[in-house]
């Protein structure tokens with residue numbers, strides 16, 4: 001259509017004059033407004049009488065006019081036929097709106113420029129939404145970037161790393177500069193890469209929306225960790241795949257615990273069956289025994305097997321009961337030396353409590369008597385069990401530093417393999433030198449957790465074939481006398497008179513880091 005003709009101009013004015021959602025106007029080659037529409041009045045606030053004859057640059061903020069933006073847009077439209085631009089525009093009342101502007105060059109039959117059409121749409125609401133979304137995305141990006149417990153990364157459609165956070169650096173060992181641009185397959189062991197697992201996971205995520213996988217992954221230094229990985233497919237508004245979000249969590253601790261539990265269940269199954277089978281055999285042998293001496297010997301064997309079974313069951317029940325406990329511990333200034341002596345008296349006679357030599361001292365610590373009785377009992381049982389019957393077990397007390405009392409339980413037994421020292425306090429772990437003797441692998445784990453609740457620490461010094469010393473360090477006050485009874489064991493009687501009010505210590509979250517000298521499990 002020839003917008004330069006009178007008839008065409010009239011048709012143009014008639015059409016655009018009815019449009020309300022768009023400001024449609026016609027400009028001469030210099031940018032002077034020649035026509036005005038109801039939509040223009042609605043968007044910009046000027047009437048036709050106020051606008052016609054003025055230059056369209058009046059709709060631009062001062063800084064845009066000074067930069068020559070209006071003239072640049074006309075020049076670009078003349079050169080290319082049209083130009084589109086988004087930016088702030090000014091209404092009559094001085095308020096601003098975000099305008100989407102399309103300027104199209106108009107030519108006469110001779111090809112000469114006759115003017116321009118300018119179509120403006122108010123996109124202020126859309127722009128505000130877009131800005132809000134960008135700010136939200138930026139906040140999310142910053143938040144994700146600062147998460148340290150999870151490795152959160154963005155991948156393109158081929159698995160190439162596009163974004164990296166602090167958690168990824170902490171878990172995998174690569175800096176952002178080292179990781180971005182490389183394929184995420186580098187986190188997988190070589191045999192897994194050869195099998196095509198990384199791309200298989202992306203394919204499943206693409207088809208189903210997400211995929212979860214656990215397995216060994218590699219750090220920058222070549223070390224391995226057990227990763228729990230969730231990969232989620234990302235799509236644009238039209239449903240096209242744009243990439244993937246990959247979230248990885250280090251679950252090596254859980255994997256180690258599961259492996260230890262599996263080993264424990266297998267060992268427990270064997271250890272439990274052995275004394276049960278022996279019991280059945282002894283019972284049959286007792287029936288056929290020819291004299292009292294043989295019968296008495298068999299009965300002693302039965303008792304030994306029953307004690308072994310009972311010890312295993314009691315260890316499990318004690319540990320489970322302790323883990324399920326939620327009550328607060330009552331703390332007081334207690335003579336832990338007296339707790340030790342009470343625990344020795346309460347030991348079964350057949351394990352040799354007379355071998356225990358307790359130092360004749362007073363050792364005041366701010367603890368819970370019942371908890372300390374359990375700690376000492378566990379440690380004494382181990383010391384007696386893993387040392388020869390003709391060797392003593394010594395218990396000494398010291399103050400290694402101000403505000404601390406130390407209980408040292410020292411035996412002359414077989415010791416602990418150096419490879420087990422760092423994990424000997426972990427749940428379900430039995431030292432390799434102790435495996436033939438059975439047990440649950442829960443006694444020392446219970447000791448560590450109880451000592452943690454008392455704000456203390458526990459550590460081990462051991463030499464194979466020489467013996468083991470377990471040191472329990474407990475908080476202490478300068479009190480010269482205990483403020484509460486040391487321990488009400490079955491061999492004690494309750495003290496007379498009132499007991500000063502003890503303090504309370506809440507049971508800590510088991511998930512928090514322990515302060516022992518060994519692995520936290």
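The values are calculated or read from the model by the stated rules, or taken from the named source; none is laboratory data. Treat the numbers as computed from the prediction; the structure is a model and nothing was measured. In this analysis, Cβ positions are derived from the backbone assuming ideal geometry, glycine residues included, and neighbour counts consider all displayed protein chains.
Could you say whether any residue in the range 334-346 is in a helix (DSSP H, G or I), over 44 Å from the mean Cα position of the chain (by Cα) and either within 20 Å of residue 449 (Cα to Cα) or at pLDDT 80 or above (or both)?
yes
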* Asked: Using beta carbons and a limit of 7 Å, which pairs, at least six apart or on different chains, have the first residue in the range 339-350 and under 11 Å from residue 380 (Cα atoms) and the second one at pLDDT 90 or above and in a helix (DSSP H, G or I)?
  -> 340/376; 343/376; 343/380; 344/380; 347/380
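Residue-wise test of (1) farther than 19 Å from residue 36 by Cα; (2) more than 54 Å from the chain's Cα centre (by Cα).
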residue	(1), (2)
57	no, yes
78	yes, yes
85	yes, no
96	yes, no
102	no, no
106	no, yes
* **Filter result for residue 40 (assigned by TED's automatic domain parsing to the domain that holds residue 20, closer than 21 Å to residue 21 by Cα and not in a strand (DSSP E or B))** => yes
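Going residue by residue through the range 389-399, is there one that turns out to be in a helix (DSSP H, G or I), over 16 Å from residue 468 (Cβ atoms), within 41 Å of the chain's Cα centre (by Cα) and modelled with pLDDT of 80 or more? I'd like the intermediate steps shown before the answer.
The first filter runs over the range 389-399 and keeps only residues in a helix (DSSP H, G or I), leaving none.
No.
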* To do: Give the residues of the range 90-108 that are within 26 Å of residue 129 (Cα to Cα) and in a strand (DSSP E or B), sorted by residue number.
  => 90, 96, 97, 98, 99, 100, 101, 102, 103
* Asked: Where residues in the range 359-376 are within 18 Å of residue 408 (Cβ to Cβ) and part of a loop (DSSP other than H, G, I, E, B), which of them is nearest to the chain's Cα centre (by Cα)?
  -> 363
* Structure fact -> Of 154, 87, 111, the only residue that is assigned by TED's automatic domain parsing to the domain that holds residue 44, part of a strand (DSSP E or B) and at pLDDT below 95 is 87
* Residues located in the range 379-408, provided they are in contact (Cβ under 8 Å) with a residue 60 or more places away in the chain, closer than 16 Å to residue 338 by Cα and surrounded by fewer than 22 Cβ atoms within 10 Å (Cβ to Cβ) -> 397, 406, 408
